[in-house]
Structure formats: structure tokens, C-alpha cells
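The values are calculated or read from the model by the stated rules, or taken from the named source; none is laboratory data. No experiment lies behind these values; they were computed from the predicted model shown. Neighbour counts run over all protein chains shown; Cβ positions are idealised from the backbone, glycine included. For the accessible areas, the whole protein counts, side chains as well, though only heavy atoms, and no ligand, DNA or RNA atoms are used. Shrake-Rupley method; radii C 1.70, N 1.55, O 1.52, S 1.80 Å.
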Amino acid sequence: MGILMHQHRACHFLSIFLTFFLLGNISTAAAGNLTKARMQAILDQSLKNLLTGQPFSPELEKKQVVIRKMFDAGLITKAECVDMVEKAMLPTLKNSRTSRYILKEEGRNYEAKTLEAFQAKCGMTPVPLSPSDRQLLEQAADRVNEKLAGKLYSRELMNDIQQALAELRAEKQ
């Protein structure tokens, strides 16, 4: 009788173990159905929503969970994730009206209103910079950037930011 009890428990334990093992493999296999291109599209949309202040749709959240499961299961590496995020970041920043632009516009609107008030109430007039003064300011800024590179941030990061700024400024001209 005792042997039968142990066999029954062992069979029960084995069936529970196989159920969890198979369900884990099935969910991992289901998660593995995403191609790299599809994962990139999900990350693109996620970053766009995040940076523009849009909420994630329930469908997008489900897809994000699938990518997390794939990462946890080792089907995608950290390097692959970083690469996909980097590929999504610049196009999103270039092509979307992100929160940084919205905040910049609000700040500029406030500055314009303040300047108008000073001009109207105090009789102040704006003094534009001459090209030589503007050049002096730019040179001073370059010296500060050089001093901070490698201390507050890497030189590579500074070069990447300056290159991205140059591209954006060239597009606007």
C-alpha cells in the first residue's frame, strides 16, 4: 500500500513538473515567434509613445511583455536590446514632436512674453549680438565643453551630441 502511495505521489509530482516545464517552453516558444524586425517595430512605437507623452495601448503593452519574456529566456541578448533601442532613438527624436520640444516651446513663449512686458513697461530694447560677439560666445562654449569632456560625460558622447546637433541644424536651414 505504501509503495502505491509513493508511486501515485511521484506520478502526480512528475505530471505537475512536466506541466510547468511544457507551459514554460510553450510560452517561450510563443514569445520566440517575434522576428528582429517586429521587435524593432515594437521598440520604435514604445519609444515614440514614451518620448511624446502618449499612453501605451494594451496591445503594445502585451507585445512589450513578450519581448521581456524573450529577454528573460535568453532569446535576445542585452547587446541586441541596446542596439534596437539605439536604432529607434534618433529617428524618434528627429521625426516626432517629443516632450523636449514641447517644453522648449513653452519656455520660449514665456521668454517672449517676458521680453515684451519689459519692452512695454520699462522701455527696454533688445540688443542683437554682432557676428564677432556671437563667435566669442561660441568659442567660450567650446572651451567649456572641452574642459568637461571626460569628466562629466565621455568625449564620445559629446561628439555624438555635437554631430546630432549639427545634423538637426543643417536640416532646419
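A residue that is among the polar types (S, T, N, Q) and not in a helix (DSSP H, G or I) cannot be found anywhere in region 131-153.
Scanning region 34-67 for residues that are of a type in the set (A, V, I, L, M, F, W, C) and part of a loop (DSSP other than H, G, I, E, B) returns Leu34, Phe56. The sole residue among Glu167, Glu171 that is under 30 Å from Met89 (Cα atoms) and surrounded by 10 or more Cβ atoms within 10 Å (Cβ to Cβ) is Glu167. Among (1) open to solvent by less than 70 Å² (accessible area, probe 1.4 Å); (2) of a type in the set (Val, Ile, Thr); (3) farther than 17 Å from Gln40 by Cβ, there is one condition Val127 misses while meeting the rest; what is its number? It fails just one condition, (1). There is no residue in region 68-79 that is more than 18 Å from Leu47 (Cβ to Cβ), outside any loop (DSSP other than H, G, I, E, B) and open to solvent by less than 70 Å² (accessible area, probe 1.4 Å).
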